[in-house]
Amino acid sequence: MLLYCTILERRAKLRRTALTSTVILSLSLTMIGVDAHLHLACADLPSTLPEALPQIVAFGDSLTAGLGVSANDAYPAQLQRRLDGLGFRYRVINAGVSGETTAGGLRRVPWVLKNKPEIVILELGANDGLRGLRLEETRANLEAIIQQVQRSGARIILAGMKLPPNYGKDYIAGFERMFPELAERHHLLLIPFFLEGVAASGALNQADGIHPTAEGYERVVEGVFQKLRPLLKKDSHTPQDNKPGLLPR
């Protein structure tokens, strides 16, 4: 009987030893795995984070979106290349939506400001005019957009627009007067006519006679850059692989 109990005790001791060894081995392997995982994760991190560039948001309708041309030929992308070539460290965001009115633009302001832009190029109102919407509504929407953007701390360049002659003298005069009046009231830089030198040129417009070609957008960028230049800060770094951005539609 004594011999039987002794044998049982030895077997139990061996089982406890084996169990303890298994637990220790499992914990050791787990810790090794965790340590290896952390080591690999840290190894994947770049030694320096990419520089966060100040943003310029091109906020507008199809004239900003680049309807009918490639994204690379739209004016925001061409402006990006112009800035890169001159050594200005900015990222240009294309926030253009085809068919956008000032009412639609007003609804998009919080979304646009999530990018925390330093400068906003505001090009809206043409679709309001082409649809013959009440000028009081267009002015009120633009003013609300301007106020919200200014409260965010961003600077605004306002793009003026013109209408074809078949909309009546009074309506056209009120529409075109609206942009310089808003610019003066809110202390904005003004592009008197966004399509200056382009609107009357068949060679610089697409078949619809409204939207610029790639060459037409080159002329647009000239006018935009003239107003943008005083707001830009230039540092000693040469831009590398700075690509224009697109906001999600």
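Laboratory data are not the source of any read-out in this text; all were calculated from the coordinates shown. Everything quoted here is computed from the prediction, not taken from an experiment. Here the Cβ positions follow ideal geometry from the backbone for every residue, glycine too, while neighbour counts run over all protein chains shown.
Hey, what did segment 48-135 get for relative contact order, percent, Cα under 8 Å, at least 6 apart? Numbers along the way, then the final one.
Working: 129 pairs, mean separation 36.5, N = 88.
Relative CO of segment 48-135 lands at 41 percent.
Shape call for segment 55-246 from the C-alpha gyration tensor, a ≥ b ≥ c root eigenvalues: rounded (a/c under 1.5), prolate (a/b greater than b/c) or oblate? If you can, show how the numbers build up before the last one.
Numbers: a/c = 1.79, a/b = 1.27, b/c = 1.41.
Cα axes put segment 55-246 in the oblate bin.
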Approximate spin-label separation E215-A52, in nm, with each point projected 7 Å along Cα-to-Cβ: 4.3
Over 32 Å between alpha carbons, listed pairs K116/K169; K114/K234; K169/K233: K116/K169; K169/K233
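Could you rank the peptides 156-163, 66-73 by their average count of other C-beta atoms within 10 Å per residue, with the highest value first?
Values: 156-163: 21.8, 66-73: 16.1.
Final packing ranking: 156-163, 66-73.
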